[in-house]
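Visitor: First, the structure itself, so that you have it in front of you.
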Amino acid sequence: MRASIIRAFRACAAGALIAATLSLTVAHEAQAQQVANRVDAKRDWSVFTADADGKVCWIVTQPKSTTARRGGKPVQVNRGDIYLMVSVRPNQGVKNEVSVVSGYPYAPGSKVEAKIGSAKFSMFTAGENGWLDNPDIDARMIVAMTGGSTAIVTGSSERGTETTDTFSLLGFTDAMNLAKDLCK
């Protein structure tokens, strides 16, 4: 019961953050600033803030490379925006929630695997999004991201396509520290 409540909460909160981030890419600059503000960039990571029932901060990056395979063979696929994000929502007690956006609907009930060095993290999925099961695992993944150089995220689409997205972790620590400072 508790896990399903956490999943539902995370889905709603992450959806709002994703919508705010995506609006920056499709909306006029002045309109976008009403929703979210990009306050800084730390190498491969951008830092955003917004006011959504209290201050919200998040950091986001896009993959440096992506691959798609179906039936073990490389395929070309059309995907939407792909992100690896960490959000901080102090009014909701969230310190470092890790999430991914795939740019396609994940297969129902599927898991996403995130690998950083030798550490592996399993994420549950809903639609195009993936999250870790609890804040303790989020904290462990943050530690791995701080010490790592890349995060490799693998997931499966509704159509059976397996994707692998490789995200740079250059600038992650500085971006995370800034987001935490901005959302104290």
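Visitor: Could you tell me whether region 156-176 includes any residue that is crowded, with 19+ Cβ neighbours inside 10 Å and in contact with a helix residue (DSSP H, G or I) (Cβ under 6 Å, 6 or more places away or on another chain)?
Guide: Taking every residue of region 156-176 in turn, at least one turns out to be crowded, with 19+ Cβ neighbours inside 10 Å and in contact with a helix residue (DSSP H, G or I) (Cβ under 6 Å, 6 or more places away or on another chain).
Visitor: Can you list residue pairs whose Cβ atoms sit under 9 Å apart, with the first residue in region 146-165 being in contact (Cβ under 8 Å) with a residue 60 or more places away in the chain and under 19 Å from ASN78 (Cβ atoms) and the second being among the charged types (D, E, K, R) and buried (at least 19 other Cβ atoms within 10 Å of the Cβ)? Count only pairs 6 or more apart in sequence or on different chains.
Guide: Within 9 Å, the pairs are VAL153/ASP165.
Visitor: Okay, next question. Which one is nearest to the chain's Cα centre (by Cα), of the residues in region 155-184 that are among the β-branched types (Val, Ile, Thr) and over 23 Å from ALA36 (Cβ atoms)?
Guide: THR166
Visitor: Please verify whether region 104-119 includes one or more residues that are of a type in the set (S, T, N, Q), within 17 Å of CYS57 (Cβ to Cβ) and in contact with a Ser or Thr (Cβ under 6 Å, 6 or more places away or on another chain).
Guide: No, because not a single residue in region 104-119 is of a type in the set (S, T, N, Q), within 17 Å of CYS57 (Cβ to Cβ) and in contact with a Ser or Thr (Cβ under 6 Å, 6 or more places away or on another chain).
Visitor: Of everything in region 50-84 that's without any contact (Cβ under 8 Å) to a residue 60 or more places away in the chain and hydrophobic (A, V, I, L, M, F, W, C), which residue is surrounded by the most Cβ atoms within 10 Å (Cβ to Cβ)?
Guide: VAL60
Visitor: Across region 81-93, what is the total count of residues that are small (Gly, Ala, Ser) and not in a loop (DSSP other than H, G, I, E, B)?
Guide: 1
Visitor: What are the pairs with Cβ atoms under 6 angstrom where one residue, in region 119-130, is assigned to a strand (DSSP E or B) and the other, located anywhere, is at pLDDT below 95? Sequence gap at least six, or different chains.
Guide: ALA126/ALA11; ASN129/ALA14
Visitor: Restricting to region 75-120, count the residues that are farther than 19 Å from ILE137 by Cα and out of contact with any Pro (no Cβ under 9 Å at 6 or more places or on another chain).
Guide: 16
Visitor: To continue, here is another question. Among strands (runs of 3 or more DSSP E) lying entirely in region 1-80, which contain 2 or more residues that are touching a Phe, Trp or Tyr at 6+ places or on another chain (Cβ under 7 Å) and modelled with pLDDT of 75 or more?
Guide: In region 1-80, the matching strands (runs of 3 or more DSSP E) lie at 37-42, 45-51, 55-61.
Visitor: On to the next question. What number goes with the only condition from (1) among the small types (Gly, Ala, Ser); (2) crowded, with 21+ Cβ neighbours inside 10 Å; (3) more than 17 Å from THR146 (Cβ to Cβ); (4) in contact with a helix residue (DSSP H, G or I) (Cβ under 8 Å, 6 or more places away or on another chain) that ALA126 does not pass?
Guide: (2)
Visitor: Please go through region 136-149 and give me each residue that is surrounded by fewer than 17 Cβ atoms within 10 Å (Cβ to Cβ) and touching a strand residue (DSSP E or B) at 6+ places or on another chain (Cβ under 7 Å), ordered by number.
Guide: Once the filter is applied, which keeps residues that are surrounded by fewer than 17 Cβ atoms within 10 Å (Cβ to Cβ) and touching a strand residue (DSSP E or B) at 6+ places or on another chain (Cβ under 7 Å), region 136-149 yields ILE137, ALA139.
Visitor: Among (1) on the phi > 0 side of the Ramachandran plot; (2) touching a helix residue (DSSP H, G or I) at 6+ places or on another chain (Cβ under 8 Å), there is one condition GLY93 misses while meeting the rest; what is its number?
Guide: If we test GLY93 against (1) on the phi > 0 side of the Ramachandran plot; (2) touching a helix residue (DSSP H, G or I) at 6+ places or on another chain (Cβ under 8 Å), just (2) comes out false.
Visitor: Restricting to region 98-114, what's the tally of residues that are under 14 Å from the mean Cα position of the chain (by Cα), surrounded by fewer than 22 Cβ atoms within 10 Å (Cβ to Cβ) and not in a loop (DSSP other than H, G, I, E, B)?
Guide: Of the residues in region 98-114, 1 are under 14 Å from the mean Cα position of the chain (by Cα), surrounded by fewer than 22 Cβ atoms within 10 Å (Cβ to Cβ) and not in a loop (DSSP other than H, G, I, E, B).
The values are calculated or read from the model by the stated rules, or taken from the named source; none is laboratory data. Note that the structure is a prediction, hence the values are computed from the model and not measured. Cβ atoms come from the backbone with ideal geometry, glycine included; neighbour counts cover every protein chain shown.
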